[in-house]
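J.: Right, I'll just put the structure down here and ask away after.
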Amino acid sequence: MSTIDEVIAAGRAQPGNREPDAGKTEPVIYCDRLVRIFKVSGVEVQALQGLDLSVGAGELTALVGASGSGKSTLLNILAALDLPTGGQARVAGHDLLTMRGAERVAYWRHTVGFLWQQTGRNLFAHLTAAENVALPMRLAGLARAQRRRRIAEVLDMLGVADCAGKRLAQLSGGQQQRVAVGVAIANQPSVLLADEPTGELDDQAAADVFAALRTANSETGATILIVTHDSSVSEHVNRTIAIRDGRISSEVLRGTETGADGSAAQVAVQYAALDRAGRLQLPPDYVEALDLRERVRLGLEPDHVTLWPGQVRGSGDGRQLPGSDGQP
Ligand code: ADP
Ligand code: MG
């Protein structure tokens, strides 16, 4: 686990809502005001409503959100399986809006690895674990000896070396998904996208899969984005981004902080996403805790902004009036 200062200094404190600064390393995953509108029998569904996202090289990030918030829509776009209605999306230097043909095939083969919720979409049931991991390498034209070495390396790294000769039916759900992580990283992609990889698993198996993804991240340096509604994922990643109504709403960064006595403590810092227009969404628990409604009162301090409930104490009729004493 990195220190909180490292996590924040790595620029992860800023949800991507602007062009990457000149001179800085380009984020591996970059979305700018991404919009995806689906039309179903004449009715429009706005699945993504101007989503900004920036993920740096080698980050292990979780994207969490309620059902229908747009997680799979985003992942399908990042996987180059769907096109956005508007906005920009780039992954590892590829422009996802203009990418076609041979570039897209190379993107699927070498740049990104996928992990889906249903094992049937990740693995072939009639092949063994080792044969499944070999398949993407065969498609990429890797020699047999290299394939064999990589299969052993990958299955061992993910704690499923004993599964090499077994077929799907002989493996537990958690083992299947860990083998699937192996398939996804076989060709050493720079990005791994996982959509609800633990959706069909119990708590222990889910923890094993998250741990395998963490290992894949630290051992291969791949940038990993895990989409999930399983909040236990936050124990396994440094950065958890929340998506609400097709937009990034907030994120939590975790790391260790060393006290004056040298003791290390886990700390989590919460951030709200701020878009170009200055819009931010407060987390629902903050809104409820202070019964914030309709509008809030703002104050600008030299290095921070204050925010109070907009209702004036004792106004009785619930009307919101400005304070006259300069105090909340
Ligand atoms: P999540 O993965 O967070 O549960 P989705 O991205 O699947 O959410 O869906 C976001 C919204 O877009 C939902 O309202 C969903 O019904 C709608 N949606 C997703 N895919 C399609 C589609 N192919 N056609 C029509 N509506 C869709
Ligand atoms: Mg989904």
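J.: In deg cm²/dmol, rounded to 500, what helix-only [θ] at 222 nm does the chain give when every DSSP H run of at least 4 residues adds -39500 (n - 2.57) and the total is split over its residues?
T.: Working: 9 runs with 84 residues, N = 328.
My calculation for the chain gives -7500 deg cm²/dmol from helical runs alone.
J.: Describe numerically, in nm with one decimal, the distance between label points set 7 Å from Cα along Cα→Cβ at Ala169 and at Val35.
T.: Output for this residue pair reads 5.1 nm.
J.: Can you compute the modelled spin-label distance between Asp245 and Asp82, with each label point 7 Å from Cα toward Cβ, in nm?
T.: 1.9
J.: Mind checking which of Pro197, Ala289, His304 is farthest towards the positive end of the chain's charge dipole, using Cβ charges of +1 (Lys, Arg) and -1 (Asp, Glu) about the Cα centre?
T.: Pro197
J.: Could you check the simple spin-label distance between Ala143 and Ala272, using points 7 Å along Cα→Cβ, in nm with one decimal?
T.: 5.9
J.: Who wins for biggest fluctuation among Ser218, Ser69, Ser190 in a Gaussian network model of the chain, springs between alpha carbons below 10 Å?
T.: Its mean-square fluctuation being the largest, the pick is Ser218.
J.: Stokes-Einstein D for the range 95-201 at 37 °C, 0.692 mPa s, Kirkwood Rh over Cα pairs, in µm²/s?
T.: Working: Rh = 14.1 Å.
Stokes-Einstein gives a translational diffusion coefficient of 234 µm²/s.
J.: For the chain, state the semi-axes of the equivalent ellipsoid (square roots of 5 times the eigenvalues of the alpha-carbon gyration tensor), sorted largest first and rounded to whole angstrom.
T.: On the way: eigenvalues 327, 104, 73 Å².
Ellipsoid half-lengths, sorted descending, are 40, 23, 19 Å.
J.: Could you state the angle between the C-alpha long axis of helix 203-220 and the longest principal axis of the C-alpha atoms of the chain, as a value from 0 to 90 degrees rounded to the nearest 10?
T.: Tilt relative to the chain: about 80 degrees.
J.: A further question on this structure: Show me 251-262, 30-41 ranked by packing, highest mean number of other Cβ atoms within 10 Å first. List each step's numbers first, then the result.
T.: Numbers: 251-262: 14.0, 30-41: 16.4.
Ranked from most to least packed, the peptides come out as 30-41, 251-262.
Here, each number is a calculation from the coordinates, and none is a lab measurement. From a predicted model like this one, the values you see are computed outputs, not experimental measurements. FYI the Cβ positions are ideal-geometry reconstructions off the backbone, even for glycines, and counts take in every protein chain you see.
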